[in-house]
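The values are calculated or read from the model by the stated rules, or taken from the named source; none is laboratory data. A quick note: this is a predicted structure, and the numbers were derived from the prediction, not measured. Note: ideal-geometry Cβ built from the backbone for every residue, glycine included; neighbour counts use all protein chains shown.
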Amino acid sequence: MFIIILLLFVLFLVLSLFARLYVTFSYSFQGLNQEINVHVSIFRFSLMNKKLPIPTEKEDKTLFELGNHPDSLGDQLDLWKDYVKQINNMFRRFRIHYFHWSTNVGTGEAASTGIISGLLWGIKGTLVAFITKQMNILQPADISVVPEFERETIKTEIDCLVSMKLADALLALFNMRKLFK
């Protein structure tokens, strides 16, 4: 009896490694208010539903702490290449089920609002093309820029649902942990 329970438990663990981990990410920015919501689930069970605070004050942080950075430029480039390689490997395992990004922008002047709207379209198009190249997108990305010519405003919202196999997520965490040691 004990062996059967043990075998069923091991079988469950092996099968759960192939289960998909779903992460829903929402970001909104309006004026000075910023909000990030992250929801993580597996087997339709919620593992985490967290609202992450974004500080509005600028903090004085240094990029590297003394004694924690590579000594030469060559070491820094090698370290950067390792980071990019690991991040690209992780991105290839992602599946994006939907990606929605809308922005409302206005300066109060029609000419400058039009210029800024065009720049935002270009930036968003480039970023979405990069994301599409790096990851598996199941639906076309939904992006929009709404110019508001008569008032000064900036508002953006990003919603996306990303999934990956639990085994891939654990492997990515393990590899990233090795890089940051």
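This table checks each residue for (1) crowded, with 16+ Cβ neighbours inside 10 Å; (2) at pLDDT 80 or above; (3) assigned to a loop (DSSP other than H, G, I, E, B).
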site	(1), (2), (3)
His69	no, no, yes
Asp78	no, no, no
Lys81	no, no, no
Gly114	no, yes, no
Lys124	yes, yes, no
Val128	yes, yes, no
Legend entry - Filtered residues of segment 130-139 (kept if surrounded by 11 or more Cβ atoms within 10 Å (Cβ to Cβ) and in a helix (DSSP H, G or I)): Phe130, Ile131, Thr132, Gln134
Legend entry - Among (1) assigned to a strand (DSSP E or B); (2) modelled with pLDDT under 75; (3) of a type outside the set (Asp, Glu) - the single one Val23 does not satisfy: (2)
Inset, instruction - Only residues that are touching a helix residue (DSSP H, G or I) at 6+ places or on another chain (Cβ under 8 Å) and free of Cβ contacts under 8 Å to residues at least 40 places away in the same chain: list them for segment 93-149, please. - result: none
Legend entry - Every residue from segment 26-44 that is modelled with pLDDT under 90, assigned to a strand (DSSP E or B) and under 17 Å from Ala169 (Cα atoms): Ile42
Legend entry - Residues of segment 108-118 classified as more than 29 Å from the chain's Cα centre (by Cα) and hydroxyl-bearing (Ser, Thr, Tyr), total: 1
Inset, instruction - With the checklist (1) under 24 Å from Phe94 (Cβ atoms); (2) in contact (Cβ under 8 Å) with a residue 40 or more places away in the chain; (3) not in a strand (DSSP E or B) in hand, flag the one item Met164 doesn't pass. - result: (3)
Inset, instruction - Could you check how many residues of segment 9-49 are surrounded by 10 or more Cβ atoms within 10 Å (Cβ to Cβ) and under 21 Å from the mean Cα position of the chain (by Cα)? - result: 25
Inset, instruction - Would you check if Ile158 is among the aliphatic types (A, V, I, L, M), over 19 Å from Arg92 (Cβ atoms) and either surrounded by 17 or more Cβ atoms within 10 Å (Cβ to Cβ) or under 19 Å from the mean Cα position of the chain (by Cα) (or both)? - result: yes
